[in-house]
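The values are calculated or read from the model by the stated rules, or taken from the named source; none is laboratory data. Owing to the predicted nature of the structure, the values given are computational and were not obtained by experimental measurement. Cβ atoms come from the backbone with ideal geometry, glycine included; neighbour counts cover every protein chain shown. Side chains included, ligands, DNA and RNA excluded: accessible areas come from the protein's heavy atoms. Shrake-Rupley method; radii C 1.70, N 1.55, O 1.52, S 1.80 Å.
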Amino acid sequence: MLDHIAIFSAYYPPHLGGVEQFTHNLATELTTQNIKVTVVTSSTEGLFRISDGEVTVIGIPSKSIMGDRFPLMIPSKATFKQIKELTEAPFDGIVINTRYYPICLLGCRIASAHNLRPVLIDHSSGPISNEKSPLGLAMRTYEAINNRLIRSKRPIGCSVSERGLSWLKSIGFDAQAVIPNSIDCAEYRSTAKPDSYRELLSLTDNEFLVTYAGRLIPEKGLPKLLGAVSSLNAAGACVHLAVAGSGPLEDRLFENHKTWLHYMGRLSKQELSGLLRDSDCFCLPTEYPEGLPTVLLEAAAQHCAIVVSDCAGAREVVPSKEYGTVLSVVSEDEIAKAILAYCNDCGATTTCGDNAALHIEHCFSWVATAKKLIKILDAS
């Protein structure tokens, strides 16, 4: 019987991101099963320890680099003291989120100290970078070394999607199960800001609103989406695009003064829920090695018609054309065709949005996800 689980995660709310939300929601659900949870994460503001009910969050002093995407632990007396305390803590289960970060290796070290086999939950479906550049080569080399170090600790490999699980197997991990990303649909809808985003953007009922949310990087497909919406409007369609997030492409959005483009910046959970509620369509033409994007679940929860690339997790959220559109080819033309099909057929937009919402309510619950993890930890 599990009593106390430690979850190692590079970032944790209020830091924004899908893995952060996954960790928070999973930890919260585990406590309802009478399990104490300690989350070990990075902190750019020095060592901290806070407790919220049964969840304790420990922040390890770190410096975040690469645009706040990669935390490096800072060696210090306080850091080593905290690691010693973790080594002596009464954990009977260790969970590691992702493979990339030094804190993942710390999780492996703590698992070894407790004579436990860690459970690795991966959130990707491909190499960290496919760039044909010295930086891309350096990133892949780092990933290969890190994989070798983590594999040496014999973790039980899990992923948030089927394709992610296949990827883990292909790189030598003992991949055993899917621990799916999930969502509490009712809770997510209830958090939405009451303000009308259509009114905020001065949109009429006849104007079609597409939303993109995520990191503003080329790999997520935003440049192609911008091109697709531009071509639709040039051809006479009335399509608006709301972009939420932050990243290197911000300057391009600020410089683009098209009347159909609305850059929203980085939104809170409540703000994004409200924007998705008021959107007709959500589009994520990502070519990044996703796990199962949280924002896909959020868009489905708010009854958006979905247009998404064939990324990991896409066909689990959108199992057929009655639930949304999975692009076989990610190009401006194909994105434009998919959006236009919904723009021209309000009935299909509504039906796909409603079907997707009902599907994830039945298949992606935190209760089921937590039970799957507990079963794996009990057997490890």
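Summary of computed values
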{"item": "Number of positions in the stretch 153-177 that are touching a residue at least 12 places away in the same chain (Cβ under 8 Å), more than 26 Å from Ala368 (Cβ to Cβ) and either of a type outside the set (D, E, K, R) or open to solvent by less than 70 Å² (accessible area, probe 1.4 Å) (or both)", "result": "2"}
{"item": "Count - residues of the stretch 107-120 that are in a helix (DSSP H, G or I) and open to solvent by 10 Å² or more (accessible area, probe 1.4 Å)", "result": "3"}
{"item": "The stretch 231-256: number of residues that are more than 20 Å from Arg277 (Cβ to Cβ), among the aliphatic types (A, V, I, L, M) and not in a loop (DSSP other than H, G, I, E, B)", "result": "3"}
{"item": "Number of the exception - Asn233 against (1) of a type in the set (S, T, N, Q); (2) more than 21 Å from the chain's Cα centre (by Cα); (3) at pLDDT below 95", "result": "(3)"}
{"item": "Residue that is surrounded by the fewest Cβ atoms within 10 Å (Cβ to Cβ), among those in the stretch 210-230 that are outside any loop (DSSP other than H, G, I, E, B) and of a type in the set (A, V, I, L, M)", "result": "Leu226"}
{"item": "Residues of the stretch 48-85 that turn out to be at pLDDT 90 or above and either open to solvent by less than 20 Å² (accessible area, probe 1.4 Å) or assigned to a loop (DSSP other than H, G, I, E, B) (or both), as a count", "result": "14"}
{"item": "Members of the stretch 24-47 that are open to solvent by 70 Å² or more (accessible area, probe 1.4 Å), β-branched (Val, Ile, Thr) and either within 20 Å of Ser365 (Cα to Cα) or in a strand (DSSP E or B) (or both)", "result": "Thr32"}
{"item": "Residue satisfying all of: in the stretch 191-209; more than 20 Å from the chain's Cα centre (by Cα) and among the hydroxyl-bearing types (Ser, Thr, Tyr); surrounded by the most Cβ atoms within 10 Å (Cβ to Cβ) among these", "result": "Tyr197"}
{"item": "Residues of the stretch 269-287 satisfying the condition of being part of a loop (DSSP other than H, G, I, E, B), closer than 18 Å to Ser196 by Cβ and open to solvent by 40 Å² or more (accessible area, probe 1.4 Å)", "result": "Asp280"}
{"item": "Helices (runs of 4 or more DSSP H) contained entirely in the stretch 296-380, each with at least 3 residues that are among the aliphatic types (A, V, I, L, M), out of contact with any Leu (no Cβ under 7 Å at 6 or more places or on another chain) and closer than 30 Å to Ser231 by Cβ", "result": "346-363"}
{"item": "Tally, over the stretch 127-181, of residues that are of a type in the set (Lys, Arg), under 24 Å from Leu296 (Cβ atoms) and assigned to a loop (DSSP other than H, G, I, E, B)", "result": "0"}
{"item": "Pro180 vs. criteria touching a residue at least 60 places away in the same chain (Cβ under 8 Å) and open to solvent by 70 Å² or more (accessible area, probe 1.4 Å)", "result": "no"}
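Condition check ((1) surrounded by fewer than 14 Cβ atoms within 10 Å (Cβ to Cβ); (2) within 23 Å of the chain's Cα centre (by Cα); (3) of a type in the set (A, V, I, L, M, F, W, C)) across all residues:
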| residue | (1), (2), (3) |
| --- | --- |
| Ala338 | no, no, yes |
| Asn344 | yes, no, no |
| Thr351 | no, no, no |
| Ile360 | no, yes, yes |
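A quick yes/no check of all residues on (1) within 30 Å of Asp122 (Cα to Cα); (2) in contact (Cβ under 8 Å) with a residue 12 or more places away in the chain; (3) small (Gly, Ala, Ser):
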| site | (1), (2), (3) |
| --- | --- |
| Val243 | yes, yes, no |
| Glu271 | yes, yes, no |
| Ser279 | no, yes, yes |
| Glu287 | yes, yes, no |
| Ala312 | yes, yes, yes |
| Glu316 | yes, yes, no |
